[in-house]
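The structure appears right after this line, and notes come after that.
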Amino acid sequence: MPIASFLPATVDYARFLPEILLTLAGTMIMFLEALRPEGKKSNAGVFAIVALVMALPAALMATPGPAFQGMLVVDGMATFFRTLVIVCIQLVLFIMIGFKNHEIYLNHVNNLKNV
């Protein structure tokens, strides 16, 4: 049997694209955070939101069917839960970034009161 019959087709990667994008983005965020100097402001939340915004259309436009010789199946339920998870994570990141900015503001106000 030729080896080409075991290699995934392009449509398999297209069906798995949201997971690929989010894995690459998460790895990139961890790598960049490790290289970031201490005390410097992190933009990891913004980068994560951008990655999630890129993954959302990929999840919605995935064609239904099996991928990777039936190990992954994309159907309506998979698309719904992929979308649900991506949107929930985006909402959590928006809240986290807003809370972090509010916390920085409160620290600044408290420092001004102590002066």
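Seen against the Cα atoms of the chain and their longest principal axis, helix 76-114 is set at about 10 degrees. Within the shell defined by Cβ-Cβ distances under 10 Å, the residues around PRO64 carry a net charge of 0, with Lys and Arg each +1 and Asp and Glu each -1.
Helical content of the chain, expressed as a calculated mean residue ellipticity at 222 nm, amounts to -24500 deg cm²/dmol (DSSP H runs of 4 or more residues, -39,500 (n - 2.57) each, divided by residue number, nearest 500).
Proximity of backbone amide H atoms, modeled 1.01 Å from N, is registered between ALA62 and no other residue at under 5 Å, excluding neighbours fewer than 5 places apart on the same chain. Classify segment 4-62: rounded, prolate or oblate, from the alpha-carbon gyration tensor (a ≥ b ≥ c, eigenvalue square roots; a/c under 1.5 rounded; otherwise prolate if a/b is larger than b/c)? Because a/c hits 1.5 or more and a/b fails to exceed b/c, segment 4-62 counts as oblate.
Can you give me the convex hull volume of the Cα atoms of the chain, divided per residue and expressed in Å³? All intermediate terms of the calculation are to be shown ahead of the outcome.
Numbers: hull volume 12.9 nm³, N = 115.
Looking at the chain, the number lands at 112 Å³ per residue.
Please compute the length gained on full extension between ASN111 and LYS40, using 0.36 nm multiplied by the number of residues separating them and subtracting their Cα-Cα distance.
Numbers: separation 71, 0.36 × 71 = 25.56 nm, distance 1.92 nm.
Working it through step by step, the gained length comes to 23.6 nm.
Can you give me the angle between helix 17-35 and the longest principal axis of the chain, using Cα atoms only, in degrees from 0 to 90, rounded to the nearest 10? The angle comes out near 40 degrees. Fully extending the segment from PHE81 to LEU60 would add 6.5 nm, taking 0.36 nm per residue of separation and subtracting the current Cα-Cα distance. In a reduced charge model with +1 at each Lys and Arg Cβ and -1 at each Asp and Glu Cβ, the chain shows a dipole moment near 380 debye about its Cα centre.
Over segment 4-104, what is the mean sequence separation of C-alpha contacts under 8 Å (at least six apart), divided by residue count, expressed as relative contact order in percent? The partial results should precede the final answer.
On the way: 74 pairs, mean separation 31.3, N = 101.
So the answer I get is 31 percent.
Just so you know, all these numbers are worked out from the coordinates, no wet-lab data involved. Note that this is a predicted model, so its numbers are computed, not measured. Don't worry about glycine lacking a Cβ; one is built from the backbone with ideal geometry, like all the others, and counts go over all protein chains shown.
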